[in-house]
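Asks: A single structure is presented below for examination.
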Amino acid sequence: MRLLLVEDDDHVAAALSAVLARHGFQVVHARSGEEALKALLPADKEPFGVVLLDLGLPDQDGYEVCGKIRKRSAIPVIMVTARSDVRSRIHGLNLGADDYVVKPYDTGELLARIHAVARRRTAGEDIGPTPLAALRIGQVHIELPTRRVSVDGQEVQLTRKEFDLLALLAQRPGVVFRREQIISEVWRTSWEGTGRTLEVHVASLRSKLRLPALVETVRGVGYRLVPPSG
């Protein structure tokens, strides 16, 4: 797999490139946001499987680079950041990032996340076939074929994983989905480290829909969709 590593520190990039190469990745190193965007342009080369994007770049904010990448391509993007607060992570996911890794990170964790997003892309982004065309939960309307969501008639922009998560829960309102089941269905992996990503997606979904009680946390078990009363 070709991997685009966007990292301005040459020492960090060299060490990480060596590790990735030992695990079968063909690494292309970009030292800035501009270099990264240019690297994605050639159409005659094998496409990248994953972009590993550091947010601390010299020429552009990493969030800005992520947004530009997402406008050009559906290539999976993993953000690498020292910002561990939930708001920063939600912001990255809203811009189209598929996952994030917080510094300092374990190399094994990073490799697991890279393989996970690559598998999800290969398997496809849909959560699975369904005979339903649309779902309505109170004032929330979910169009499955077009992947559009609206609340009280106003369209809400969701990321791919946010939509997949909402659609999964909405197909069985009131039923508790175990965290492991959600991760398996939406992220297509059983790796336990994805749990934190699930929490961030749930928080982002509640914020965007402006219905914090819609997705209920069942402590120690998982989540369920609670239809609004009335």
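Laboratory data are not the source of any read-out in this text; all were calculated from the coordinates shown. As the structure is a computational prediction, the values presented were derived from the model and not from experiment. Positions of Cβ are backbone-derived with ideal geometry, glycine not excepted, and every protein chain shown enters the neighbour counts.
Asks: What's the extension gain from Val12 to Glu34 if we count 0.36 nm per residue and subtract their Cα-Cα distance?
Replies: Working: separation 22, 0.36 × 22 = 7.92 nm, distance 1.90 nm.
Taking Val12 through Glu34 to full extension adds about 6.0 nm, to one decimal.
Asks: At 222 nm, what helix-only mean residue ellipticity would the chain give, in deg cm²/dmol to the nearest 500, using -39500 (n - 2.57) for each DSSP H run of four or more?
Replies: So the helix-based figure for the chain works out to -11500 deg cm²/dmol.
Asks: Given an 8 Å cut-off on Cα distances and at least 6 residues of separation, report the relative contact order of the chain as a percent.
Replies: Relative contact order of the chain: 14 percent.
Asks: Test of understanding: what is the full-extension gain from Arg87 to Arg219, defined as 0.36 nm times their sequence separation minus their Cα-Cα distance?
Replies: That works out to 45.3 nm of additional length.
Asks: Below 8 Å between Cα atoms, with a sequence gap of 6+, how large is the relative contact order for segment 1-106 in percent? Write down the numbers at each step before the final one.
Replies: Details: 169 pairs, mean separation 26.2, N = 106.
Averaging sequence separation for qualifying contacts and normalising by length gives 25 percent for segment 1-106.
Asks: Can I ask one more? Quick one: net charge of Arg83's neighbours, Cβ under 10 Å, K/R +1, D/E -1?
Replies: +2
Asks: Determine which residues of segment 60-96 fall in the zone a paramagnetic label at Arg206 would reach in this model, i.e. backbone nitrogen under 16 Å from the point 7 Å along Cα→Cβ.
Replies: Output list for this probe position: 86-91.
Asks: Given DSSP loops and a limit of at most 11 other Cβ atoms within 10 Å, what is the longest stretch of the chain that contains no such trypsin sites (Lys or Arg not before Pro)?
Replies: Of all site-free stretches, the longest is 46-209.
Asks: Once amide H atoms are placed 1.01 Å from N in the peptide plane, what residues at a sequence separation of 5 or more from Leu55, or on another chain, have their amide H within under 5 Å of its amide H?
Replies: Val80
Asks: What relative contact order, as a whole-number percentage, does segment 140-230 give when Cα pairs under 8 Å and 6 or more residues apart are counted?
Replies: The value is 28 percent.
Asks: Mind listing the long-range amide H neighbours of Val77? Cut-off is under 5 Å, sequence gap 5 or more, other chains count too, H placed in the peptide plane at 1.01 Å from N.
Replies: Those lying under 5 Å, H to H, from Val77 are Val51, Asp98, Asp99.
Asks: 7 Å from Cα along Cα→Cβ at both Asp59 and Val19: what's the point-to-point distance in nm?
Replies: With each label point 7 Å from Cα toward Cβ, the separation is 2.7 nm.
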